[in-house]
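Only one structure is covered here, and it is reproduced in the block below.
The values are calculated or read from the model by the stated rules, or taken from the named source; none is laboratory data. Computed from a prediction, not measured in an experiment: that's the story for all the values here. FYI the Cβ positions are ideal-geometry reconstructions off the backbone, even for glycines, and counts take in every protein chain you see.
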Amino acid sequence: MKTLLSLIVWFVLWEIAGRLKLSTIVPPFSAVIEAAIEIAPTEKFGKAAIITLRSFGLGMALALVIGIPLGIVMARVKGVGRLLGMWVNIFVSAPISALVPILMAVVGIGETTVVVTVFLFAVFVITLDTQVGITHADRSLVEMARSFGARRHQLYSKVLLLSALPEILAGVRLGAIRGVKGVVIGQLLVAIIGVGELFEVYSNNFLMEEFWALVVMVFLFAFAVSEAIAALERRVEYYAAAR
Amino acid sequence: MTEAIVEVKGIGKTYDSGVEALRDVNLSFPKGQLSTLLGPSGCGKTTLLKIIAGLLPRNAGQVLVKGKPVDGPGPERAFVFQDFALLPWADVLRNVAFGLELRGTPRPEREEVARKYIAEVGLKGFEHRYPAQLSGGMRQRVGLARALTVNAEIILMDEPFSSVDEQTRRKFQEDLLDLLRHHQKTVIFVTHSIEEAAYLSDQIALLSPRPGRVSKIVRPDVDHSRSPDEIRRDRGYLDTVDEIWGMLRQYV
Amino acid sequence: MRRWQLASFVLFFGLWELAGRWPVSPAFPPFSNTFLALVEMTRDGTLGKAYLITAQPLALGIVLCAVAGIAFGIGMGLSRAIEWLSLPVFIILQAAPMAAIIPLLTYMYGIGLTSKVLAVIMLAAPVIVMNSYKGIRNTPPSLLQMCRSFQGTRVQEVVKIVLPHAAALVFTGLRLGLAMGFIGIVIAELLITPTGIGDLISYHGSTADYPKMFATIASIVAVAAISLHLLQRLELRLFPRD
């Protein structure tokens with residue numbers, strides 16, 4: 001694939017730049033890969049990874065469980081939509097990281113803060129996109145279902161949610177990307193757990209190979225999560241255009 | 001017999017996907033007359049029109065304009081698009097003058113010509129409106145004015161009225177005939193509407209689908225000097241419509 | 001519309017007041033205390049001074065990012081070669097938690113203005129570049145054909161059709177870029193060295209003056225929200241949607 005070729009070119013350039021010692025902070029790509037292979041099986045890394053994944057998973061689960069139903073209610077109940085709409089819009093683009101110090105003061109310095117950070121980073125875009133998806137669900141489909149006697153729960157399960165699925169999935173994907181940013185930022189600010197701690201340790205001790213190895217792994221994780229959801233999106237793509 | 005201003009000889013076109021859109025198409029278009037390419041979807045009529053316009057490359061054959069072969073777009077041919085293709089950020093005046101703008105005609109001159117044609121298509125007063133503020137019918141008038149402004153002898157129209165409602169469409173057809181007669185243009189028209197073709201055309205080329213080929217050429221027996229409503233009830237018109245439908249129905 | 005907005009504000013601040021008075025945590029001040037703290041800080045100028053300091057790297061970063069980012073995005077859109085090389089990188093960068101690299105910035109460039117400007121640029125650049133790129137790529141083929149049908153040259157095509165059409169998305173990219181810029185500067189000021197707004201937040205946090213800490217945070221959220229909202233209104237004015 002063309003994309004792969006392009007990335008390979010970049011890896012080669014990285015290798016050359018590293019070997020030529022163009023910058024003190026950029027080791028050769030091969031050294032980074034070596035470091036990655038070295039630290040991956042260590043206990044320290046394992047613990048950090050587990051904590052990070054746990055916080056990410058919990059935060060995202062909360063965001064989905066609260067965000068999607070909230071988006072649905074906002075779309076179907078005019079009053080709720082109008083009351084909350086403005087706030088959702090504000091918080092979707094707001095610098096949520098500014099709220100982390102508060103979380104640290106109120107909830108304490110630890111994993112809970114990170115989970116809440118992930119939740120806050122992800123939930124607003126999920127809610128917004130769900131709301132948009134349900135609002136724009138084809139009215140004529142709803143009328144059609146009603147005309148055949150569909151009851152309310154059938155309307156939701158058989159028409160509305162499926163019709164809005166492309167938008168909902170898009171929102172979930174954006175939410176997941178933000179969630180990864182949230183877990184990293186949360187951990188960097190809290191500074192004593194997970195990969196955030198590792199980032200600090202590596203950069204403070206000038207362990208550049210390890211630092212970049214971790215960067216690559218985290219970036220890959222973010223990309224993998226995004227692509228996984230994009231794959232789901234592609235499965236519903238076939239009907240998105242025909243709505 | 002009026003001389004042909006445009007001729008296509010042996011035109012063939014195959015898409016990259018392998019689909020053969022046109023095969024060995026031979027047609028001549030008489031000067032000053034309105035010729036129509038008519039057929040069901042997939043018969044390649046728009047493809048053929050765009051090849052004549054020089055917007056699509058062909059795989060075989062030649063397009064001759066005034067006896068000389070052509071390869072790309074040229075100043076003697078102007079295209080009117082099905083979806084209008086207006087610049088959304090430009091007002092009507094600029095849109096109509098756009099063809100001349102591309103040629104480097106100085107602004108006062110091109111705006112003067114544009115204003116003239118804006119008035120002729122019935123949009124006087126709308127010079128500074130934007131496409132978003134116009135109805136579909138009005139947007140298409142802008143497209144037509146733009147084509148007239150460059151003073152091309154041959155106007156190519158790709159289903160120009162299909163995005164417009166029925167009533168507007170009828171009025172448009174009537175106005176179009178008046179306009180074209182006045183300016184003595186040659187028009188090559190694409191449509192899938194039999195009535196439209198029979199009403200407007202001096203010559204109709206029926207295309208059959210997959211691959212596109214000319215199956216028949218019909219010259220409607222319609223007396224254009226009569227009023228539009230009389231024409232639509234005229235024997236010759238109705239017979240033409242029936243004849244064409246009889247030939248096309250097998251492809252539906 | 002106005003009534004709902006008012007009700008929305010009242011609801012939000014009302015809940016905030018109640019939540020603050022609930023004995024959950026001393027660190028969560030009710031709305032009234034926060035508001036008073038906000039007024040006090042505005043009056044004595046501390047808030048204003050902090051914003052002046054924070055605004056510098058933010059503005060500098062966004063301007064640099066805009067100029068370079070838009071140019072690059074346009075380059076990506078017009079040249080298949082540049083697109084092939086850069087697109088995969090920017091797609092990854094958009095999804096990536098760039099904040100992870102901020103500790104490195106501190107190491108390389110110290111704790112001054114440079115690091116903070118770079119933090120803003122790193123977070124805002126991907127979205128600005130991608131939007132400019134998409135603006136170029138999504139030019140309707142119909143308009144391009146129309147230009148060709150009137151024998152327009154490639155240069156005319158780019159200048160008269162592709163670029164004006166891309167302008168709408170470029171503007172959107174700038175708006176989203178500014179949003180990312182706010183995020184970047186806040187993270188930078190919390191992580192690198194507190195200055196400006198970040199300083200106020202950290203200081204009041206460490207002295208347990210929670211109303212003032214909260215007020216500062218609320219103010220930056222409000223500033224971001226208002227400026228982005230204004231930009232969106234401007235965007236809809238300049239580029240009306242059909």
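The listed residues are B:47, B:36, and the only one of them that is within 12 Å of residue B:159 (Cβ to Cβ) and hydroxyl-bearing (Ser, Thr, Tyr) turns out to be B:36.
Residues of region A:1-57 that are within 13 Å of another protein chain (Cβ to nearest Cβ) and either in contact with a Cys (Cβ under 6 Å, 6 or more places away or on another chain) or basic (Lys, Arg) (or both): A:2 alone. Annotation: of all residues in region C:157-199 being more than 19 Å from the chain's Cα centre (by Cα) and in contact (Cβ under 8 Å) with a residue 24 or more places away in the chain, the one that is nearest to the other protein chains (Cβ to nearest Cβ) is C:165. Considering only region C:218-240, I want to know if a residue exists there that is in contact with a helix residue (DSSP H, G or I) (Cβ under 8 Å, 6 or more places away or on another chain), in a loop (DSSP other than H, G, I, E, B) and not acidic (Asp, Glu). Yes, the conditions are met somewhere in region C:218-240.
Residue pairs whose Cβ atoms lie under 7 Å apart, sitting 6 or more positions apart in sequence or on different chains, and linking a residue in region A:1-20 that is not assigned by TED's automatic domain parsing to the domain that holds residue A:216 to a partner that is of a type in the set (Val, Ile, Thr), are A:10/C:89; A:17/A:26; A:18/A:26. Of the helices (runs of 4 or more DSSP H) lying entirely inside region C:69-186, the ones with 1 or more residues being touching a Cys at 6+ places or on another chain (Cβ under 9 Å) are found at C:113-137, C:154-157. Quick check: anything in region C:16-37 within 30 Å of residue C:131 (Cα to Cα) and among the aliphatic types (A, V, I, L, M)? No, that holds for no residue.
If you check A:230, A:222, A:213 for being surrounded by fewer than 21 Cβ atoms within 10 Å (Cβ to Cβ) and among the aliphatic types (A, V, I, L, M), only one passes: A:230. Note on region C:99-111: residues that are touching a residue at least 12 places away in the same chain (Cβ under 8 Å) and surrounded by fewer than 24 Cβ atoms within 10 Å (Cβ to Cβ) total 5.
Residue C:24 falls short on exactly one of the conditions (1) of a type in the set (Val, Ile, Thr); (2) surrounded by fewer than 13 Cβ atoms within 10 Å (Cβ to Cβ); (3) more than 10 Å from chain A (Cβ to nearest Cβ), and that condition is (3). The residues on offer are B:112, B:101, and the sole one that is free of Cβ contacts under 8 Å to residues at least 24 places away in the same chain and either surrounded by 19 or more Cβ atoms within 10 Å (Cβ to Cβ) or in contact with a strand residue (DSSP E or B) (Cβ under 9 Å, 6 or more places away or on another chain) (or both) is B:101. Residue count for region A:52-72, restricted to those that are farther than 21 Å from residue A:117 by Cβ and surrounded by fewer than 17 Cβ atoms within 10 Å (Cβ to Cβ): 1. When C:57, C:29 are checked against the criterion of being at pLDDT 90 or above, buried (at least 21 other Cβ atoms within 10 Å of the Cβ) and under 24 Å from residue C:213 (Cα atoms), a single residue qualifies: C:57.
Criterion applied to C:76, C:122 was being within 30 Å of residue B:84 (Cβ to Cβ), touching a helix residue (DSSP H, G or I) at 6+ places or on another chain (Cβ under 9 Å) and away from chain A (no Cβ under 11 Å), and the one residue passing it is C:76. Sub-7 Å Cβ pairs linking a first residue in region C:207-235 that is more than 8 Å from every other protein chain (Cβ to nearest Cβ) to a second residue that is of a type in the set (S, T, N, Q), at least 6 apart or interchain, are C:211/C:33; C:211/C:34; C:215/C:34; C:218/C:34; C:235/C:172, ordered by first then second residue.
Among the residues of region B:123-142, are any of a type in the set (Asp, Glu) and either in contact with a Pro (Cβ under 7 Å, 6 or more places away or on another chain) or not in a loop (DSSP other than H, G, I, E, B) (or both)? The answer is no, given that none of the residues of region B:123-142 is of a type in the set (Asp, Glu) and either in contact with a Pro (Cβ under 7 Å, 6 or more places away or on another chain) or not in a loop (DSSP other than H, G, I, E, B) (or both).
Within region C:127-144, does at least one residue satisfy the condition of being within 12 Å of another protein chain (Cβ to nearest Cβ) and touching a residue at least 40 places away in the same chain (Cβ under 8 Å)? Checking region C:127-144: at least one residue is within 12 Å of another protein chain (Cβ to nearest Cβ) and touching a residue at least 40 places away in the same chain (Cβ under 8 Å).
Considering B:170, B:213, B:219, the condition of being touching a strand residue (DSSP E or B) at 6+ places or on another chain (Cβ under 7 Å), buried (at least 17 other Cβ atoms within 10 Å of the Cβ) and charged (D, E, K, R) is satisfied by B:213 alone. Residue count for region B:85-104 under the criterion of being among the hydrophobic types (A, V, I, L, M, F, W, C), under 11 Å from residue B:145 (Cα atoms) and at the interface with another protein chain (Cβ under 9 Å from one of its Cβ atoms): the result is 1.
Scanning for something crowded, with 17+ Cβ neighbours inside 10 Å, farther than 27 Å from residue A:235 by Cα and touching a helix residue (DSSP H, G or I) at 6+ places or on another chain (Cβ under 6 Å), does region A:162-173 turn up at least one residue? No, because not a single residue in region A:162-173 is crowded, with 17+ Cβ neighbours inside 10 Å, farther than 27 Å from residue A:235 by Cα and touching a helix residue (DSSP H, G or I) at 6+ places or on another chain (Cβ under 6 Å). Among the residues of region A:192-212, the one identified as more than 9 Å from chain C (Cβ to nearest Cβ) and small (Gly, Ala, Ser) is A:194.
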